[in-house]
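Step one of this worksheet: look at the structure below.
Values quoted throughout were computed directly from the atomic coordinates according to the rules given, and no laboratory measurement underlies them. Being a predicted model, the structure only gives us computed values, none of them experimental. Every residue, glycine as well, gets a Cβ built from its backbone with ideal geometry; the counts of neighbours run over all protein chains shown.
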Amino acid sequence: MNIALVGAGIGGLAAAACLLQQGHKVRVYEQAGEVSEVGAAVQMSANAVKVLYQLGLKDTLERHAVRPESFQFLRYDTGELLHLIVLGDEHEKRHGHPYSQIHRVDLHQGLMQAVLALDADALVLGKRAKAVCETENEASVSFEDGTEVRADLLIGADGIKSVVRRHVVDDSPPVFTGQVAWRLAIPIERIAPELRPPMASTIWCGPKNHAVMYYMRGGQVLNFVGCVERPWEEESWTSRKPWDELSADYEGWHPMVRAPIEAADKDQCFRWALNNRQPVMTWCTRRVALLGDAVHATLPYMAQGAAMAIEDAAILSRAVALEAPLFERLGIYERHRAPRAARVVTESTEMGQLYHIADAAQMKQAFKDRNIAASRNNWLYPYNPWSVDITRPFTGI
Ligand SMILES: Cc1cc2nc3c(=O)[nH]c(=O)nc-3n(C[C@H](O)[C@H](O)[C@H](O)COP(=O)(O)OP(=O)(O)OC[C@H]3O[C@@H](n4cnc5c(N)ncnc54)[C@H](O)[C@@H]3O)c2cc1C
């Protein structure tokens, strides 16, 4: 097939690589003049790593990623351990692939190289999509530079403010969740050895606020994400903010949370507004399909937004390879994927409520009741995009 894909983020590049591997002609149209990602890290669990290995990124992950031993949920002030999800060798043994934490730039570069190795002309930069049309025989996308492209199949991987989504679902805007994320990257040598986090993903949980810390770049850099309930203040989605505001948000927190804040470059504190949408079950029309944040933008509290986009990519490529009219193949993709992504969106919102409980005893009990480790090991991480029965809607494993 002749496939046009809008958006060269992690989801779009993963989909392009999966479809190119199957021999389709794919062109990826990206609004930016150069392909780039933000300077923060991303966590990849086995369900997504399975796809990355198939796309030839094993070396990229082995070279750049850190393998954490566990997720440790800790009380924000005392450091009491509230819950543990064992990762490391156990995650790999149980789910077949390692849990990896990698700088986004390294992951994005790896995906881009995978795409370009399959077709050196696949990426078309500086193309901002503005509208989508479809007839029975083709789909088309027009760009702000006045050009238009026609294809057998059009894929919208154009992120949370997706233009393609307007054609498939509706033009409702994303919803501000009332939460923002501070993002910092701190060279580890700036932090005193006794205040450095273990080789784990530590999640410090407190009233209306939590902080996530984990290593990237071979353990040389600490990634800090601080998620705070705050009112919407401005139009900008991502901006540099005063260090004093960051420091005030974590006043009275444990010394191991204060340490990276104190060590941060004062002019390099970025704050992101966290937006999402209600899950939808419509992902496709007869010739247009959505994937990634364009259709299931979520709070990042299960570290699964990009992982879901990567799973979408593999399942869409498998659905497209089936013998059936195109609209039926897209229907199979939609019916299989929508329930799983919806569960991630819903549970991620619930995680925000759990991580932000004010009362210490209530929080401890809530973690016990919820048993996140059992749940995620049961339905989330074991999913294998290459072998799951895609003709059935996702219900569990
Ligand atoms: C604080 C934070 C932490 C996170 N941590 C994790 C994590 O640990 N693990 C995980 O799996 N996920 C995580 N996520 C989620 C993850 O970042 C996103 O789900 C993922 O990046 C979405 O990828 P995407 O390709 O769907 O969209 P995007 O990354 O938004 O890419 C969309 C692309 O489309 C392009 N585009 C947009 N509009 C147009 C247009 N009109 N025309 C042409 N091109 C266009 C954009 O320029 C961009 O390149 C986190 C998110 C946040 C905010």
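Kirkwood Rh over Cα pairs of the range 77-155 into Stokes-Einstein at 4 °C, 1.567 mPa s: D in µm²/s?
Working: Rh = 17.4 Å.
It comes out at roughly 74 µm²/s.
Computed over neighbours whose Cβ is under 13 Å from that of Ala40, the net charge equals +2, Lys and Arg +1, Asp and Glu -1.
Calculation over all alpha carbon pairs of the range 185-278 in 5 angstrom steps from 0 returns a P(r) of 2, 12, 24, 25, 20, 10, 5, 1, 0 percent. Rg and Dmax over the alpha-carbon atoms of the range 44-92 stand at 14.1, 43 Å.
Quick check: from the Cα gyration tensor, does the range 229-340 come out rounded (a/c under 1.5), prolate or oblate? Because a/c hits 1.5 or more and a/b exceeds b/c, the range 229-340 counts as prolate.
As an exercise, take the mean of 1/r over every pair of distinct alpha carbons in the chain, invert it, and state the Kirkwood radius in angstroms. Working shown, then result.
Details: mean 1/r = 0.0465 Å⁻¹.
Taking the inverse mean of 1/r over all distinct Cα pairs, the chain comes out at 21.5 Å.
Each part reduced to its alpha carbon centroid, the range 291-364 and the range 201-216 end up 22 Å apart.
Taking the DSSP bridge list for the chain and keeping only pairs wholly inside it, about 70 percent are antiparallel. Shown for Val345, Val51: other C-beta atoms within 10 Å of each C-beta, ranked fewest to most, produce the order Val345, Val51. Here is the size of the range 1-64 from its Cα atoms: Rg then Dmax, 12.9, 35 Å.
Neighbouring Cβ atoms within 10 Å as the yardstick, rank Met199, Met213, Met44 fewest first.
Working: Met199 16, Met213 24, Met44 27.
In increasing order of surrounding Cβ atoms, one gets Met199, Met213, Met44.
Place +1 on the Cβ of every Lys and Arg and -1 on the Cβ of every Asp and Glu in the chain, take the dipole about the Cα centre, and give the residue among Pro393, Gly252, Met213 whose Cα lies farthest towards its positive end. Ranked along the dipole, the leading option is Pro393. If you run the Gaussian network model on the chain, springs between alpha carbon atoms under 10 Å, then out of Ala373, Ala129, Ala307 the most flexible one is Ala373. For the chain, the membrane-span-like helices by this rule, meaning whole DSSP H stretches whose C-alpha atoms cover at least 18 Å of axis and whose Kyte-Doolittle mean is 0.0 or above, are 104-118, 305-320; this says nothing about an actual membrane.
Please arrange Thr395, Thr349 by how many other C-beta atoms lie within 10 Å of their C-beta, fewest to most. Intermediate results must be reported in sequence, preceding the final value.
Details: Thr395 9, Thr349 16.
Neighbour counts put them in this order, fewest first: Thr395, Thr349.
Placing one equal scatterer on every Cα of the range 1-114 and applying the Debye formula, the log10 ratio I(q)/I(0) at q = 0.21, 0.24 Å⁻¹ is -1.12, -1.30. Comparing Gln101, Gln304, Gln54 in a Gaussian network model of the chain (Cα springs below 10 Å), the most mobile by mean-square fluctuation is Gln54.
How about the range 152-245: which GluC sites (Glu not before Pro) there are in a DSSP loop, with at most 13 other Cβ atoms within 10 Å of their Cβ? Present the calculation step by step, with values, prior to reporting the outcome.
On the way: sites: Glu189, Glu194, Glu229, Glu233, Glu234, Glu235, Glu245; in loops: Glu233, Glu234, Glu235.
For GluC sites (Glu not before Pro) across the range 152-245 that sit outside H, G, I, E and B with at most 13 neighbouring Cβ atoms in 10 Å, the list reads Glu233, Glu234, Glu235.
Relative to one another, the C-alpha centroids of the range 11-25 and the range 89-137 are positioned 8 Å apart.
Looking at this model, which pairs from Lys50/Lys130; Lys25/Lys93; Lys208/Lys364; Lys58/Lys161 are more than 26 angstrom apart at the alpha-carbon?
Details: Lys50/Lys130 34 Å; Lys25/Lys93 37 Å; Lys208/Lys364 15 Å; Lys58/Lys161 31 Å.
As for pairs spanning more than 26 Å Cα to Cα, those are Lys50/Lys130; Lys25/Lys93; Lys58/Lys161.
Using a Gaussian network model of the chain in which every pair of alpha carbons under 10 angstrom is joined by a spring, one finds that among Tyr76, Tyr53, Tyr355 the greatest mean-square fluctuation is at Tyr53. Using the Cα coordinates of the range 274-371, the gyration tensor eigenvalues translate into equivalent-ellipsoid semi-axes of 34, 12, 10 Å, sorted from longest to shortest.
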